[in-house]
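Encoded as structure tokens, the structure appears first; notes follow it.
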Amino acid sequence: GAVVSQHPSRVICKSGTSVKIECRSLDFQATTMFWYRQFPKQSLMLMATSNEGSKATYEQGVEKDKFLINHASLTLSTLTVTSAHPEDSSFYICSATQTGGKGGELFFGEGSRLTVL
Amino acid sequence: DAKTTQPPSMDCAEGRAANLPCNHSTISGNEYVYWYRQIHSQGPQYIIHGLKNNETNEMASLIITEDRKSSTLILPHATLRDTAVYYCIVRVATGGYQKVTFGIGTKLQVIP
């Protein structure tokens, strides 16, 4: 099946620094990608919808200036956590829907665990 | 808000069938029922989806009620590796723009 890859899988950074997480669709084109955040023992929380070539749509309560999303191509979306703080420590997951073809399935990346010291 | 409700947890004996229910009483006519599972510290894994007919693949079977207001995911012979959180969601199958929100899911514990 289609593959969505995230990088890095784990990252540790100091408070105040910025961290970029990449999400790639490896064998299909994805017009739309989604970014989720998951805290321990909780469900996935949708942060934003990323559309290729346009600005991301953020969910209520998600700071767009803190969580910068760029979707420059049909196979790559990036999430940058700016001026990270310990409360930003979480598991970040992206997903993508295949454009055209069979359609229907929503594929998820392996997730990226961010730890802010 | 999530459009589905699931029991928070279930246990199943290894080798037995695991039946995971999901209620989606407000499902629209063009929305499919999707099932995913998440093993600890990994991204969700697609299992199966369906519109109104029952579906079966190598992983599981999906039974959807005639009124489409609920469904059941069946793992025919549960193994310890099936221990995970299972999420039931509804979404349209085409038009990738539709955002997907997750409920709490069902934490399935397969017991030896």
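Output the residues belonging to the range A:36-67 that are within 12 Å of another protein chain (Cβ to nearest Cβ), over 14 Å from A:Glu87 (Cβ atoms) and of a type in the set (D, E, K, R).
Those that are within 12 Å of another protein chain (Cβ to nearest Cβ), over 14 Å from A:Glu87 (Cβ atoms) and of a type in the set (D, E, K, R): A:Lys41, A:Glu52, A:Glu59.
So is B:Lys69 over 30 Å from A:Glu52 (Cβ atoms), away from chain A (no Cβ under 11 Å), touching a residue at least 12 places away in the same chain (Cβ under 8 Å) and among the basic types (Lys, Arg) or not?
Judged against the criteria, B:Lys69 is a match.
Of the residues A:Ala84, A:Ala30, A:Ala72, which single one is away from chain B (no Cβ under 14 Å) and at pLDDT below 90?
A:Ala72
Looking at this structure, is B:Tyr34 within 11 Å of another protein chain (Cβ to nearest Cβ) and surrounded by fewer than 21 Cβ atoms within 10 Å (Cβ to Cβ)?
Spelling it out, it is not the case that B:Tyr34 is within 11 Å of another protein chain (Cβ to nearest Cβ) and surrounded by fewer than 21 Cβ atoms within 10 Å (Cβ to Cβ).
All but one of (1) more than 12 Å from every other protein chain (Cβ to nearest Cβ); (2) closer than 15 Å to B:Tyr87 by Cβ; (3) modelled with pLDDT under 95 hold for B:Ser28; state the number of the condition that does not hold.
Status for B:Ser28: all satisfied but (2).
Is at least one residue of the range B:75-86 in a strand (DSSP E or B), crowded, with 17+ Cβ neighbours inside 10 Å, aliphatic (A, V, I, L, M) and within 14 Å of chain A (Cβ to nearest Cβ)?
There is at least one residue in the range B:75-86 that is in a strand (DSSP E or B), crowded, with 17+ Cβ neighbours inside 10 Å, aliphatic (A, V, I, L, M) and within 14 Å of chain A (Cβ to nearest Cβ).
Filter the range B:43-55 for residues that are touching a residue at least 24 places away in the same chain (Cβ under 8 Å) and at the interface with another protein chain (Cβ under 7 Å from one of its Cβ atoms) and give the result.
B:Pro44, B:His49, listed by residue number.
Being within 12 Å of chain A (Cβ to nearest Cβ) and part of a strand (DSSP E or B) is the requirement here; does B:His40 meet it? First the steps, then the outcome.
Working: within 12 Å of chain A (Cβ to nearest Cβ): yes; part of a strand (DSSP E or B): no.
No.
Can you name the residue in the range A:26-45 that is aliphatic (A, V, I, L, M) and crowded, with 18+ Cβ neighbours inside 10 Å and is also nearest to B:Gln38 (Cα to Cα) among such residues?
A:Leu44
If a residue has to be modelled with pLDDT under 65 and either crowded, with 24+ Cβ neighbours inside 10 Å or more than 7 Å from chain B (Cβ to nearest Cβ) (or both) to count, how many in the range A:87-105 make the cut?
Looking only at that region, the number is 3.
The values are calculated or read from the model by the stated rules, or taken from the named source; none is laboratory data. Because the structure is predicted, anything quoted here is derived from the model rather than measured. Here the Cβ is made from the backbone with ideal geometry for all residues, glycine too, and neighbour counts use every protein chain on show.
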